[in-house]
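What follows is one structure encoded as structure tokens, with my remarks underneath.
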């Protein structure tokens, strides 16, 4: 049951989707893979919305070059683990949210354990090898995955429901060429991160239509957002129907 303080804090949301949906947010456990450009706005707005447990996973430390886009970090955080820097801001923003900070690089060996017991996985990473790992973990555990990626003024997002929708490997059978430095303007991960947070809130509360079997594409230079249809591939190496 929501406390009187929670009823006051979330009054505008409760007016939108009701107390039961707010209680579902309060009991939800969300893993956010990455505490950088995407992870910061995702985590900030999920904490503000009252998601009960936020698990931040990132093996990096704050660098000055991060500060044009990673809005939970500042100059005084340079050299700190990103998860610790972000967790402190989130706890101050909403003390009722449990924030679990794990300073670790996601790999094949630890991904399943890091996501164990989660209701939702959010891909806020910056490379496709880790994204493919998260995709496999989501499929194996039956936990939805909300994908986001950015470059320059451009971004994309989609929501993957295991067994029902196209998975990440269906949409991107091969990764794009790797870049040593990914150029990006700070507003792009802000926009895509908020799309991801919005998808998470909709999924948890059962409100609205998700980005399932659709890839949202943002062109910031033209200020155009569109959705492209995608579908599950029978010959997908990860979720192919002939593998089920």
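The values are calculated or read from the model by the stated rules, or taken from the named source; none is laboratory data. Quick caveat: nothing in here was measured; it's all calculated off a predicted structure. Because the Cβ atoms are built from the backbone with ideal geometry, glycine has one as well, and the counts that use them run over all protein chains shown.
Just a yes or no: is a residue in segment 132-141 out of contact with any helix residue (DSSP H, G or I) (no Cβ under 6 Å at 6 or more places or on another chain) and in a loop (DSSP other than H, G, I, E, B)? No - not one qualifying residue is present in segment 132-141. Take the residues of segment 34-49 that are out of contact with any helix residue (DSSP H, G or I) (no Cβ under 6 Å at 6 or more places or on another chain) and more than 19 Å from residue 92 (Cβ to Cβ): which is surrounded by the most Cβ atoms within 10 Å (Cβ to Cβ)? The residue in question is 34. Between a residue in segment 1-20 that is touching a residue at least 24 places away in the same chain (Cβ under 8 Å) and any residue that is surrounded by 11 or more Cβ atoms within 10 Å (Cβ to Cβ) and not in a helix (DSSP H, G or I), which pairs come within a Cβ distance under 6 Å, given they are 6 or more apart or on different chains? As it stands, the answer is 10/50; 17/207, since those pairs meet every condition given. Inspection of segment 182-199 finds no residue satisfying the criterion of being modelled with pLDDT of 95 or more, surrounded by 14 or more Cβ atoms within 10 Å (Cβ to Cβ) and over 20 Å from residue 39 (Cβ atoms).
Among the residues making up segment 49-69, a single one is outside any strand (DSSP E or B), under 15 Å from the mean Cα position of the chain (by Cα) and free of Cβ contacts under 8 Å to residues at least 60 places away in the same chain: 58. When the residues of segment 112-129 are filtered to those that are more than 22 Å from residue 85 (Cα to Cα) and over 13 Å from the mean Cα position of the chain (by Cα), the one that is surrounded by the most Cβ atoms within 10 Å (Cβ to Cβ) is 128.
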